[in-house]
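Just so it is clear, none of the values below were taken in a lab; they were calculated from the coordinates. Note that this is a predicted model, so its numbers are computed, not measured. Cβ: placed from backbone, ideal geometry, glycine included. Neighbour counts: every protein chain shown.
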Amino acid sequence: MELLLILLAIVVACVAVVKVLKAKELVDALKDPESEPISSTEIRTNALGWLVFGIVLFVMAFVQMIVFDKYMLPSAASVHGEDIDQLMKITMILIMSVFFLTQGLLFWFGFKYYFKPGKKAFWFPHDNRLEMAWTIVPATVLILLITYGMSTWDDIMNPKATPDLKVELVSEQFGWTTRFAGADSTLGEASFALYGKNAVGIATKNAILDRLAECKNNNTVVISFASKIETDSTVTFTGINHYDKKILGKDVPMNVTLSKIAFENALVLSKKRGFDVTSKLIVKGFVTDSFNLEAEIAYGWNKGNKLDKVETSIKNFNANVLRLERMLKDYAQHPEKYDNGKDDIVINDNNIKLPKGKSIEFQFRSKDVIHSAYFPHFRAQMNCVPGMKTNFTFTPNETNEEFNAKAIEEGRVYLEITRDENTGEILSSVEKLGSTGYILLCNKVCGSSHFNMKVFIDVVEQDEFDAWIAAQKTFE
Ligand SMILES: [Cu+2]
């Protein structure tokens, strides 16, 4: 209602302005055609309005910079971050100076040289020295700024020393999985061919064999005809889901209810694949539950191109079998590459610890779409791209307590939000001095729950980190 009234008021105001202008037009038409269309008083008023507008604009810009400064990030909490902050500061000082100088002159000239009857503008068509000056000065400043930026970038992206710690972050819709290199300080081989219960696809020999067995057999659902119950329109079987068997360690019966048509479709397809369809129906290509199976058969099978979904699933498993077999051959040649993964530590939690003062090489991968690993407090960001590995090395140099103390000292604030436990409604939102702590976010709008991709980072002293990491489970 309130919004409607505001909109109505805006519409009425616009109509009023149009009407006033129209009335002015009529009055002008009645005036002596020889007289000036706009009076000198009007021109002077407009010029003054222009100057006032400029001043208000600048004052508001300054006020906002001062008032909202407390919401900005505290200064960097990493070694290279200090360089980025410095680069940012210099760039902003330059940009701001040029902006206020040129825009200030624009407003001032607009005001000073407004139209006065009889006053002629100074004719100044060209000056070589002036042209040279306003080409060379900005070009030199920009070259210096870009060179400075590139050299800072180069120092950050190509660290000379070997890192103290290697950590991998694997992104997917919508979360992160972290892997720490174990005692050997090396991340073992990993591949998407091993995804499944192996969250980041670590490829040790056992993991490859395990996944190979899974791909060869466990995507098969065997439905026994002995347990068939028919009604007028449906057929219900009791099947055994071998995928569940692998994970749960026991036969998992699943009831599959198919429409008569879907059953006929399944028979045709199974025959086509050469499966035995006299006593049982074998549905290959699924890692799924009975629900999906039913839906696939009912809607997917035998319906033109939709058959592809089932076929693609089988093809993917077959391709995976080839990939895994190739990896086993490679294992025979370079076993260390794969064995390195045995002591890796996978953290499936959105709370991790990192040691203070140690250079950490992060390796990023993505399981699905492009994500971006963004550590605002450490001034680090790197895209996570499916099919490739990206890296970023940085050294956190303040523990969470130290960072919070610094944020308080710098007058930074955060919002402490209290919500109703049942409804989730915001009850209060209070500004508090300090910082909520380090966080890793996804900085690509990667889907509907993109905002949920967070990892809370606790930077601690080395002893505390050692104790924490020692308490975690290694992969094998
Ligand atoms: Cu994302």
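Residue count for segment 329-345 under the criterion of being surrounded by 19 or more Cβ atoms within 10 Å (Cβ to Cβ) and either assigned to a strand (DSSP E or B) or within 16 Å of the ligand (Cβ to nearest atom) (or both): the result is 0. For segment 166-196, residues that are surrounded by fewer than 18 Cβ atoms within 10 Å (Cβ to Cβ) and either of a type in the set (Ser, Thr, Tyr) or more than 24 Å from the chain's Cα centre (by Cα) (or both) total 5. Of all residues in segment 424-441, count the ones that are touching a Phe, Trp or Tyr at 6+ places or on another chain (Cβ under 8 Å) and surrounded by fewer than 15 Cβ atoms within 10 Å (Cβ to Cβ). Of the residues in that region, 3 qualify.
Looking across segment 438-470, the residues that are within 16 Å of the ligand (Cβ to nearest atom) and part of a strand (DSSP E or B) come down to 439, 440, 441, 442, 454, 455. Output the residues belonging to segment 65-101 that are touching a helix residue (DSSP H, G or I) at 6+ places or on another chain (Cβ under 6 Å) and assigned to a helix (DSSP H, G or I). Within segment 65-101, 80, 81, 83, 87 qualify.
Here segment 371-389 is the region considered, the condition is being in a loop (DSSP other than H, G, I, E, B) and surrounded by 14 or more Cβ atoms within 10 Å (Cβ to Cβ), and the residue that is farthest from the ligand (Cβ to nearest atom) is 379. For segment 346-370, a tally of residues being closer than 30 Å to residue 467 by Cβ, within 16 Å of the ligand (Cβ to nearest atom) and part of a strand (DSSP E or B) returns 3.
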